[in-house]
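The block underneath contains the structure these notes are about, expressed in structure tokens.
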Amino acid sequence: MENPENQNICQKYGCSKCCNPVKVKEGFSEHHREDLNKFPFQSKDEIWYPHENSSNVRLETYECGNYDKENGQCEDYKNRPDICKDTYCDAYKTDNEAEQRKIIERIKEEKFIKCKRLK
């Protein structure tokens, strides 16, 4: 098992909400059409709306080919795409473990309305 001091916050708290599935703002596929083959992503053909902000936020969803379903982590974390590296999490705002845990639990509990895209 990896030394806890070497783990990132996701590993430390067993969170994979950002990458299972990958969620990006609607329009991602249009803006990155030529780059899509560089990402290990497969479209789920779904748009997700967060319950907390369903009128303003629409998220495209993707399965990631580097996501390990058994351990809930990226199989190639060091070489993950920039879109993954740039994903922001509030838990990184603090070094306080209790606050980090609370933030991660809130993220894990977030609910979404899931809609299939019409083709």
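The values are calculated or read from the model by the stated rules, or taken from the named source; none is laboratory data. For clarity, every value in this text was computed on a predicted model and none was experimentally measured. We place every Cβ from the backbone using ideal geometry, glycine too, and count neighbours over all the protein chains shown.
Please report, ordered by residue number, the strands (runs of 3 or more DSSP E) entirely within segment 21-88 with at least 3 residues that are within 18 Å of PHE112 (Cα to Cα) and in contact (Cβ under 8 Å) with a residue 60 or more places away in the chain.
The qualifying strands (runs of 3 or more DSSP E) are 41-50.
Any idea which of GLU60, GLU30, GLU26, GLU34 is surrounded by fewer than 17 Cβ atoms within 10 Å (Cβ to Cβ) and either among the β-branched types (Val, Ile, Thr) or at pLDDT 90 or above (or both)?
That would be GLU26, the only listed residue that is surrounded by fewer than 17 Cβ atoms within 10 Å (Cβ to Cβ) and either among the β-branched types (Val, Ile, Thr) or at pLDDT 90 or above (or both).
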